[in-house]
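Visitor: A single structure is presented below for examination.
Only the coordinates and a few stated rules stand behind these numbers; no lab work does. Small disclaimer: the values here were computed from a predicted structure and weren't measured. Every residue, glycine among them, receives a Cβ derived from its backbone with ideal geometry; neighbour counts consider all protein chains shown.
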Protein chains: 6
Amino acid sequence: MSQQPIEYDDASAEVRAIYDDIMATRKSDWINNFWKVLAHHPPTLRRMWANVKEVMGPGALDPLTKELIYVAVSVTNNCQYCIASHTSAARAKGMTDEQHAELMAIIGLANDTNRLVNGYRAEIDERFK
Amino acid sequence: MSQQPIEYDDASAEVRAIYDDIMATRKSDWINNFWKVLAHHPPTLRRMWANVKEVMGPGALDPLTKELIYVAVSVTNNCQYCIASHTSAARAKGMTDEQHAELMAIIGLANDTNRLVNGYRAEIDERFK
Amino acid sequence: MSQQPIEYDDASAEVRAIYDDIMATRKSDWINNFWKVLAHHPPTLRRMWANVKEVMGPGALDPLTKELIYVAVSVTNNCQYCIASHTSAARAKGMTDEQHAELMAIIGLANDTNRLVNGYRAEIDERFK
Amino acid sequence: MSQQPIEYDDASAEVRAIYDDIMATRKSDWINNFWKVLAHHPPTLRRMWANVKEVMGPGALDPLTKELIYVAVSVTNNCQYCIASHTSAARAKGMTDEQHAELMAIIGLANDTNRLVNGYRAEIDERFK
Amino acid sequence: MSQQPIEYDDASAEVRAIYDDIMATRKSDWINNFWKVLAHHPPTLRRMWANVKEVMGPGALDPLTKELIYVAVSVTNNCQYCIASHTSAARAKGMTDEQHAELMAIIGLANDTNRLVNGYRAEIDERFK
Amino acid sequence: MSQQPIEYDDASAEVRAIYDDIMATRKSDWINNFWKVLAHHPPTLRRMWANVKEVMGPGALDPLTKELIYVAVSVTNNCQYCIASHTSAARAKGMTDEQHAELMAIIGLANDTNRLVNGYRAEIDERFK
């Protein structure tokens with residue numbers, strides 16, 4: 001049932017064009033499995049790559065910060081693939097061991113205090129509204 | 001059942017000392033409700049403040065980045081109080097409207113791709129292991 | 001769109017019989033809104049009450065411990081209604097303020113360490129398998 | 001990318017001191033992988049052990065109840081490592097097969113009713129406020 | 001901090017064009033708040049509308065089934081706005097009270113059995129691989 | 001710690017009777033591991049089968065739609081076993097590759113917009129109340 005990745009050589013012209021754009025955008029000669037499984041449904045591959053290209057592309061947040069945010073969501077949701085791929089991307093963009101450790105500490109702490117707030121049912125302060 | 005915040009004037013000496021440290025550390029004359037509800041159990045107030053002070057204090061990640069990560073977790077978990085308080089903190093540390101919009105876009109997208117990975121069951125690439 | 005509770009006087013005989021069993025089992029003259037909204041679909045009301053009656057009834061875990069576990073799940077999921085109703089039930093079964101505070105602390109901490117494990121990707125020790 | 005555990009013989013004096021305290025506190029000659037991966041960042045190891053030692057130590061809730069609550073959170077979050085380690089701890093503290101089965105049943109049921117409440121949007125009863 | 005909706009009359013030409021397309025696509029003269037808050041960041045408004053238009057548009061699954069799936073995710077995540085808006089959309093597409101009740105029952109049950117599987121750690125059967 | 005499945009030949013008469021009903025209801029000669037691990041606690045096996053039989057049985061929603069909803073919840077919660085078993089069931093009930101791809105796209109998108117709503121804190125429109 002798990003989807004087999006579709007390799008470049010086995011891909012349709014439509015899929016290859018997207019693979020090419022992923023590699024060109026990332027200045028890489030490699031495609032990771034996420035895209036190769038989405039390739040089973042080219043409209044999804046095309047649509048999701050358009051989203052990632054736009055959202056993770058140059059903007060007001062620097063590329064490393066964007067990856068740290070991605071990891072924070074993925075760790076909270078326990079998506080092992082996503083943790084592995086985005087931690088790898090963060091390291092490629094310069095994340096140090098110390099930064100990784102602080103990232104983990106914040107994610108853990110936020111998941112803790114989120115529940116203390118739920119359980120104690122703190123009312124939102126006027127200043128925050 | 002929802003916990004009423006304990007105001008400074010009604011607090012014990014033990015709790016006031018922690019309130020004082022929170023305000024001194026934050027260079028603020030104000031305490032938000034989260035701490036005031038934890039004050040019902042001083043050991044939890046003391047322990048959680050020690051954690052927040054250490055984890056969110058100066059380190060290898062800059063203060064704004066730390067708040068963005070906190071917001072990412074809180075939005076993923078739908079903790080309204082935490083979203084309000086940490087979005088406010090992020091703005092106080094310089095987050096622009098454009099940065100906020102990009103933060104939201106990344107959080108949303110990561111929650112999307114986390115599920116595509118779950119559903120398609122992509123295997124972790126060798127390079128990520 | 002939010003479901004209005006169906007009061008006893010407005011309920012069908014089928015629904016009243018279940019309300020009666022809830023009150024008799026709980027030795028109470030009162031029904032909370034959860035059951036009154038499920039009453040819009042009597043098969044669900046009947047089925048869910050059968051589940052709650054069996055699972056939360058007398059067994060190897062004492063009644064208070066059962067409620068603490070229920071609160072732990074509800075706080076983790078941020079179900080405000082469930083937190084309110086099961087915290088109330090726990091207090092009715094003897095939960096002290098100190099026990100409530102410890103419960104909150106454990107829930108928060110477990111949500112923290114769950115994410116540290118996700119992010120650091122600790123392998124399961126042989127002894128735990 | 002997954003963190004290798006740091007064994008006692010390879011650990012710094014700072015880390016060994018914490019390992020020693022974990023073993024002494026637990027009256028055990030063994031450390032599980034969770035601590036050994038946190039050891040990559042000694043401040044996190046120190047801080048998290050201080051939290052666990054305080055929160056899971058003697059208090060108003062008995063040690064087995066504390067572990068059951070920990071398992072309830074971990075199962076809800078699907079943290080396999082945490083389920084394995086805290087189920088093991090619960091068994092070491094006396095959890096019977098019957099208690100384990102009841103724990104599982106309550107966790108499942110609470111996750112069910114949490115969603116029924118979400119979907120039917122039951123209003124919180126006055127008595128619970 | 002909560003975003004005020006941007007009404008049509010106050011919107012830029014860029015935003016109005018998207019509002020117009022939403023209304024034309026939905027054959028409606030009305031825009032709900034979700035789009036009006038995204039309008040604070042036109043690139044997000046544009047991008048998300050393109051996603052929703054494509055994913056929720058005509059396809060191999062009928063429109064009502066698509067909404068039921070949307071509700072199932074939203075109830076599991078406890079997104080009150082999303083539950084309200086997509087339950088409303090499902091009713092507009094023909095969902096009956098009986099279908100709504102069955103939808104709720106399945107969502108609740110799936111959230112239950114998901115946790116039983118986590119806690120009992122059932123291995124995936126060969127036939128499912 | 002992971003529960004070993006209890007095979008038919010090793011099962012008690014009580015458990016065998018439930019296995020027989022599962023196979024008869026499903027017109028299958030096979031039982032999947034979920035039921036075989038629940039068999040360690042016959043009351044849970046009996047109760048959960050009664051729930052699944054009723055909720056997933058004939059009703060106002062067709063069998064395939066019911067499975068799609070089950071998959072949507074399971075993917076959102078990242079329950080790998082449940083994703084595998086209910087995707088398999090959906091295929092057995094006629095789900096095409098195109099329908100599977102659309103299901104995945106909706107689940108991902110709903111998880112995205114759920115967080116945009118959380119983060120932007122859109123107020124529920126009057127029409128949805």
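Visitor: For C:Ala50, project a label point 7 Å along Cα to C-beta. Then give me every residue of the range C:17-41 with its amide nitrogen under 20 Å of that point.
Guide: C:17-26, C:35-41
Visitor: Summing +1 for each Lys or Arg and -1 for each Asp or Glu, what net charge is found among the other residues whose Cβ lies under 15 Å from the Cβ of D:Lys129? Provide the component values of the computation, followed by the final result.
Guide: On the way: positive: A:Arg121, C:Arg91, D:Arg127; negative: A:Glu123, D:Glu123, D:Asp125, D:Glu126.
The answer is -1.
Visitor: Okay, moving on. Quick check on my link table: of B:Lys66/E:Lys66; C:Lys53/F:Lys53; C:Lys129/D:Lys66, which ones sit more than 29 Å apart, alpha carbon to alpha carbon? Each step should come with its number before you reach the end.
Guide: Details: B:Lys66/E:Lys66 37 Å; C:Lys53/F:Lys53 19 Å; C:Lys129/D:Lys66 21 Å.
The pairs that break the limit, which is 29 Å between Cα atoms, are B:Lys66/E:Lys66.
Visitor: Nm distances between the label at B:Thr25 and the same-position labels in the remaining copies, 7 Å along Cα→Cβ, shortest first?
Guide: Inter-copy label distances (nm, one decimal, shortest first): 2.0, 4.0, 4.6, 4.6, 5.4.
Visitor: Under 13 Å from the Cβ of B:Asn78, count the other residues' Cβ atoms, weight Lys and Arg +1, Asp and Glu -1, and hand me the total.
Guide: Values: positive: A:Arg115, F:Arg115, F:Arg121; negative: none.
Charge balance near B:Asn78 sits at +3.
Visitor: I want the local charge near D:Glu102. Using Cβ-Cβ distances under 13 Å, sum +1 for each Lys or Arg and -1 for each Asp or Glu among the other residues.
Guide: Details: positive: C:Lys66, F:Arg47; negative: C:Glu54, C:Asp62, C:Glu67, D:Asp97, D:Glu98.
Charge balance near D:Glu102 sits at -3.
Visitor: Shortest first, in nm, what separates the label point of C:Ala92 from those of the same position in the other copies (7 Å along Cα→Cβ)?
Guide: Label-point separations across copies, in nm and ascending: 3.8, 4.1, 4.1, 4.2, 5.7.
Visitor: Mind telling me which of A:Asn77, A:Asn33, A:Asn118 comes out most flexible in a GNM of chain A, alpha-carbon contacts under 10 Å?
Guide: A:Asn118
Visitor: If each label sits 7 angstrom from Cα along the C-beta direction, how far apart, in nm, is A:Ala50 from its counterparts in the other copies?
Guide: 0.4, 4.9, 5.1, 5.1, 5.3
Visitor: Hey, another quick one. With r as the distance between the Cβ atoms of B:Glu98 and B:Glu123 and R0 = 51 Å, compute the FRET efficiency 1/(1 + (r/R0)^6) and round to 0.05. Mind dumping the intermediate values first?
Guide: Working: r = 37 Å, r/R0 = 0.72.
Taking R0 as 51 Å, the efficiency between B:Glu123 and B:Glu98 is 0.90.
Visitor: Could you tell me how far the Cα centroid of the range C:33-105 sits from the Cα centroid of the range A:50-77, in Å?
Guide: 38
Visitor: Classify chain D: rounded, prolate or oblate, from the alpha-carbon gyration tensor (a ≥ b ≥ c, eigenvalue square roots; a/c under 1.5 rounded; otherwise prolate if a/b is larger than b/c)? Kindly include the intermediate steps, with their values, before the conclusion.
Guide: Values: a/c = 2.27, a/b = 2.01, b/c = 1.13.
It comes out prolate by the Cα gyration axes.
Visitor: Among C:Lys27, C:Lys66, C:Lys93, whose mean-square fluctuation peaks in a Gaussian network model of chain C (Cα, cutoff 10 Å)?
Guide: Evaluated over chain C, the most mobile residue of the options is C:Lys27.
Visitor: Taking 25 Å as R0, compute the FRET efficiency from the Cβ-Cβ separation of B:Trp30 and D:Asp62 and round it to 0.05.
Guide: On the way: r = 39 Å, r/R0 = 1.58.
Plugging the Cβ-Cβ distance into 1/(1 + (r/R0)^6) gives 0.05.
Visitor: Residue of D with Cβ nearest the axis relating D to A, plus distance in whole Å?
Guide: It is D:Asn78, 4, counting Cβ atoms only.
Visitor: Here's a follow-up. Relative contact order, percent, of chain A when contacts are C-alpha pairs under 8 Å separated by at least 6 residues?
Guide: Values: 64 pairs, mean separation 21.8, N = 129.
Relative contact order for chain A comes out at 17 percent.
Visitor: Also: Arrange the following residues from fewest to most other Cβ atoms within 10 Å of their Cβ: E:His86, B:His41. Display every interim value, and only then the final one.
Guide: Numbers: E:His86 25, B:His41 20.
Neighbour counts put them in this order, fewest first: B:His41, E:His86.
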